[in-house]
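**Student:** Pasting a structure here, questions to come.
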Amino acid sequence: MTLNTFVRSFHERLQHLLTPQLWKQAHQAWRQNHQPSRWRLKPLLWVLLRMAWCNGDTQEERFATARAAYVAAYPRERRPGETLAGFLQALTKLPMPVLRAVGAGLREQLGSRLEPLR
(Lines give C-alpha, C1' and ligand atoms only; values in the text may rest on other atoms or scores of the structure.)
Protein backbone atom coordinates (compact mmCIF):
# COMPACT_ATOMS: atom_id res chain seq x y z
CA MET A 1 0.00 0.00 0.00
CA THR A 2 1.43 3.37 -0.99
CA LEU A 3 1.35 6.40 1.29
CA ASN A 4 -1.10 8.11 -1.05
CA THR A 5 -3.45 5.12 -0.89
CA PHE A 6 -3.14 4.98 2.90
CA VAL A 7 -3.92 8.69 3.29
CA ARG A 8 -6.93 8.39 0.99
CA SER A 9 -8.12 5.28 2.83
CA PHE A 10 -7.67 6.91 6.25
CA HIS A 11 -9.54 9.99 5.07
CA GLU A 12 -12.41 7.90 3.71
CA ARG A 13 -12.68 5.85 6.90
CA LEU A 14 -12.64 8.94 9.08
CA GLN A 15 -15.21 10.57 6.82
CA HIS A 16 -17.58 7.64 7.44
CA LEU A 17 -17.30 8.23 11.18
CA LEU A 18 -17.85 11.99 10.88
CA THR A 19 -21.46 11.78 9.77
CA PRO A 20 -23.60 14.73 8.66
CA GLN A 21 -25.50 14.45 11.96
CA LEU A 22 -22.23 14.73 13.90
CA TRP A 23 -21.24 17.84 11.91
CA LYS A 24 -24.69 19.34 12.48
CA GLN A 25 -24.39 18.90 16.25
CA ALA A 26 -20.85 20.28 16.27
CA HIS A 27 -21.86 23.34 14.22
CA GLN A 28 -24.82 24.02 16.51
CA ALA A 29 -22.54 23.97 19.55
CA TRP A 30 -19.95 26.08 17.71
CA ARG A 31 -22.31 28.84 16.60
CA GLN A 32 -23.39 29.59 20.16
CA ASN A 33 -19.96 30.83 21.28
CA HIS A 34 -18.02 31.25 18.03
CA GLN A 35 -15.25 33.83 17.91
CA PRO A 36 -13.94 34.89 14.48
CA SER A 37 -10.83 33.04 13.33
CA ARG A 38 -8.98 32.08 10.14
CA TRP A 39 -9.82 28.52 11.11
CA ARG A 40 -13.27 27.22 10.32
CA LEU A 41 -14.74 24.33 12.28
CA LYS A 42 -14.29 21.57 9.70
CA PRO A 43 -10.56 22.08 9.02
CA LEU A 44 -9.88 22.69 12.70
CA LEU A 45 -11.40 19.37 13.72
CA TRP A 46 -9.97 17.43 10.76
CA VAL A 47 -6.44 18.67 11.46
CA LEU A 48 -6.86 17.96 15.19
CA LEU A 49 -8.00 14.37 14.53
CA ARG A 50 -5.30 13.76 11.94
CA MET A 51 -2.60 15.05 14.28
CA ALA A 52 -3.51 12.21 16.63
CA TRP A 53 -2.45 9.68 13.97
CA CYS A 54 0.28 11.56 12.11
CA ASN A 55 3.93 10.65 12.33
CA GLY A 56 6.38 13.29 13.39
CA ASP A 57 8.97 13.92 16.04
CA THR A 58 7.50 17.28 16.98
CA GLN A 59 4.09 18.83 17.22
CA GLU A 60 5.06 21.16 14.37
CA GLU A 61 5.81 18.21 12.08
CA ARG A 62 2.52 16.49 12.95
CA PHE A 63 0.65 19.76 12.36
CA ALA A 64 2.32 20.31 8.98
CA THR A 65 1.51 16.75 7.89
CA ALA A 66 -2.10 16.92 9.09
CA ARG A 67 -2.68 20.33 7.49
CA ALA A 68 -1.14 19.20 4.19
CA ALA A 69 -3.39 16.12 4.17
CA TYR A 70 -6.44 18.30 4.78
CA VAL A 71 -5.48 20.71 1.98
CA ALA A 72 -4.90 17.77 -0.39
CA ALA A 73 -8.25 16.21 0.51
CA TYR A 74 -10.19 19.47 0.13
CA PRO A 75 -8.42 21.44 -2.63
CA ARG A 76 -11.45 23.61 -3.46
CA GLU A 77 -12.09 24.77 0.08
CA ARG A 78 -10.58 27.80 1.74
CA ARG A 79 -7.18 26.92 3.12
CA PRO A 80 -6.80 26.97 6.89
CA GLY A 81 -4.11 28.92 8.72
CA GLU A 82 -0.50 27.91 8.16
CA THR A 83 1.06 28.10 11.63
CA LEU A 84 0.87 25.80 14.60
CA ALA A 85 0.55 28.84 16.87
CA GLY A 86 -2.55 30.02 14.98
CA PHE A 87 -4.03 26.52 15.04
CA LEU A 88 -3.49 26.24 18.80
CA GLN A 89 -4.99 29.69 19.32
CA ALA A 90 -8.09 28.70 17.31
CA LEU A 91 -8.28 25.46 19.25
CA THR A 92 -8.33 27.32 22.57
CA LYS A 93 -11.30 29.36 21.28
CA LEU A 94 -13.20 26.20 20.42
CA PRO A 95 -16.10 25.82 22.88
CA MET A 96 -16.00 22.61 24.90
CA PRO A 97 -19.55 21.61 23.79
CA VAL A 98 -18.17 21.22 20.25
CA LEU A 99 -15.57 18.71 21.40
CA ARG A 100 -18.18 16.92 23.49
CA ALA A 101 -20.51 16.68 20.48
CA VAL A 102 -17.74 15.31 18.26
CA GLY A 103 -16.61 12.85 20.94
CA ALA A 104 -20.15 11.62 21.53
CA GLY A 105 -20.76 11.26 17.79
CA LEU A 106 -17.51 9.34 17.27
CA ARG A 107 -18.25 7.02 20.22
CA GLU A 108 -21.72 6.37 18.84
CA GLN A 109 -20.39 5.58 15.36
CA LEU A 110 -17.62 3.34 16.64
CA GLY A 111 -20.02 1.56 18.98
CA SER A 112 -22.52 0.87 16.23
CA ARG A 113 -19.80 -0.43 13.92
CA LEU A 114 -18.15 -2.61 16.55
CA GLU A 115 -21.40 -4.03 17.97
CA PRO A 116 -21.74 -6.72 15.24
CA LEU A 117 -18.28 -8.02 16.20
CA ARG A 118 -19.42 -9.11 19.67
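The values are calculated or read from the model by the stated rules, or taken from the named source; none is laboratory data. Computed from a predicted structure; not experimentally measured. Heads up, the Cβs are rebuilt from the backbone with ideal geometry, glycines too, and the neighbour counts pull from every protein chain shown. For the accessible areas, the whole protein counts, side chains as well, though only heavy atoms, and no ligand, DNA or RNA atoms are used. Shrake-Rupley method; radii C 1.70, N 1.55, O 1.52, S 1.80 Å.
**Student:** What about Tyr70, is it hydroxyl-bearing (Ser, Thr, Tyr), in contact with a helix residue (DSSP H, G or I) (Cβ under 7 Å, 6 or more places away or on another chain) and under 19 Å from Leu14 (Cβ atoms)?
**Tutor:** Answer is yes for this residue.
**Student:** Return yes when Arg31 is surrounded by 15 or more Cβ atoms within 10 Å (Cβ to Cβ), among the basic types (Lys, Arg) and assigned to a helix (DSSP H, G or I) and no when it is not.
**Tutor:** Taking the combined requirement at face value, the residue does not satisfy it.
**Student:** Within segment 61-87, which residues are of a type in the set (A, V, I, L, M, F, W, C) and touching a Phe, Trp or Tyr at 6+ places or on another chain (Cβ under 9 Å)?
**Tutor:** Phe63, Ala66, Ala69, Ala73, Leu84, Phe87
**Student:** Tell me whether segment 69-79 contains one or more residues that are part of a helix (DSSP H, G or I) and more than 28 Å from Leu114 (Cβ to Cβ).
**Tutor:** Yes, some residue in segment 69-79 is part of a helix (DSSP H, G or I) and more than 28 Å from Leu114 (Cβ to Cβ).
**Student:** Which of the residues belonging to segment 85-103 are buried (at least 19 other Cβ atoms within 10 Å of the Cβ) and either of a type in the set (S, T, N, Q) or assigned to a helix (DSSP H, G or I) (or both)?
**Tutor:** Answer for segment 85-103, where residues must be buried (at least 19 other Cβ atoms within 10 Å of the Cβ) and either of a type in the set (S, T, N, Q) or assigned to a helix (DSSP H, G or I) (or both): Phe87, Ala90, Val98, Ala101, Val102.
**Student:** Please name all residue pairs, on different chains or six or more residues apart, with Cβ atoms under 8 Å, provided the first residue is in segment 71-83 and is under 13 Å from Leu44 (Cβ atoms) and the second residue is assigned to a loop (DSSP other than H, G, I, E, B) and of a type outside the set (Ser, Thr, Tyr).
**Tutor:** Arg78/Arg40; Pro80/Arg38; Pro80/Trp39; Pro80/Arg40; Gly81/Arg38; Gly81/Trp39
**Student:** Kindly indicate whether any position in segment 37-48 is at pLDDT below 90 and open to solvent by 80 Å² or more (accessible area, probe 1.4 Å).
**Tutor:** Yes, that holds for at least one residue.
**Student:** Could you check, for segment 57-76, whether at least one of its residues is surrounded by fewer than 19 Cβ atoms within 10 Å (Cβ to Cβ) and closer than 22 Å to Ala29 by Cα?
**Tutor:** Looking through segment 57-76, none of the residues is surrounded by fewer than 19 Cβ atoms within 10 Å (Cβ to Cβ) and closer than 22 Å to Ala29 by Cα.
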